[in-house]
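Everything below concerns the one structure shown next.
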Amino acid sequence: MDIIQAMISFIIHIDQHLVEIINTFGVWTYVIIFLIIFIETGLVIFPFLPGDSLLFAAGALAVLPGSELNIIVLLIVLWVAAVLGDTVNYHIGKKVGTSIPPDSWLGKFINQEKMDKAEAFFNKHGGKTIFIARFMPFIRTFAPFVAGASRMNYRYFLNYNLLGATVWVLLCTMAGYFFGNIPIVKENFSLVVLGIIFVSILPMIFSFIKSKMDAKKS
């Protein structure tokens, strides 16, 4: 429970914690940010790590005078972490996705039936699924894993991985860079983070409601 509370605090007050990290580790903050984004996108068991909010907060801090974070270096670090994360996640899914014990917690989310549905979904909608998933917490972590497990064509996956990482990093980080230090945003940063999270999960909410309505109709 303490770990969960600490993680929630870290996400909601990401700006304060990131300032503490910068003050403590200086230029090594780039490595820490890289690892958080890489793990969040690359390891399917860590979907709860901050993504959008971390990019926004990092962008907001990069614009401050004397900041240890340079916006150009930051963008490169974040982009490489995002691309490598999805790539590793894809290959892990391809390697072990179909051998996950069905009675494990992960097996409840990822099994052969869902693999078949995912493969059909990827075949129908193509790599745009990977692109859209970049902007959705949790789905961002599971999508590349499922893509690998369902044997999505890697070249096709890579193209949308690169495109999604580019747009995601630029949009979220530069939004923080240009708007993160506006007084009303800065004074209500926790609410802004919650707003970012809420907007990010809206597509999942709509999809869930739609699936329930379709199920009732059928």
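Within the range 21-77, the residues that satisfy the criterion of being small (G, A, S) and closer than 18 Å to L194 by Cα are G51, S53, A57, A58, G59, A60. Restricting attention to the range 12-31, the residues being in contact with a helix residue (DSSP H, G or I) (Cβ under 6 Å, 6 or more places away or on another chain) and either without any contact (Cβ under 8 Å) to a residue 60 or more places away in the chain or among the hydrophobic types (A, V, I, L, M, F, W, C) (or both) number 8. Per the listing K114, K95, the residue uniquely open to solvent by 80 Å² or more (accessible area, probe 1.4 Å), modelled with pLDDT under 90 and farther than 20 Å from I39 by Cβ is K114. Screening the candidates F178, F138 for the property of being at positive phi, among the hydrophobic types (A, V, I, L, M, F, W, C) and modelled with pLDDT of 70 or more yields one hit, F138.
Within the range 32-75, the set of residues being free of Cβ contacts under 8 Å to residues at least 12 places away in the same chain and either open to solvent by less than 50 Å² (accessible area, probe 1.4 Å) or not in a loop (DSSP other than H, G, I, E, B) (or both) comprises I32, I72.
The values are calculated or read from the model by the stated rules, or taken from the named source; none is laboratory data. Predicted model, so just to flag it, every value in this text is computed and none were measured. Neighbour counts are summed over all protein chains in view; Cβ atoms, including those assigned to glycine, are modelled from backbone coordinates with ideal geometry. To get the accessible areas, we keep the full protein, side chains included, count just its heavy atoms, and leave off ligands, DNA and RNA. Shrake-Rupley method; radii C 1.70, N 1.55, O 1.52, S 1.80 Å.
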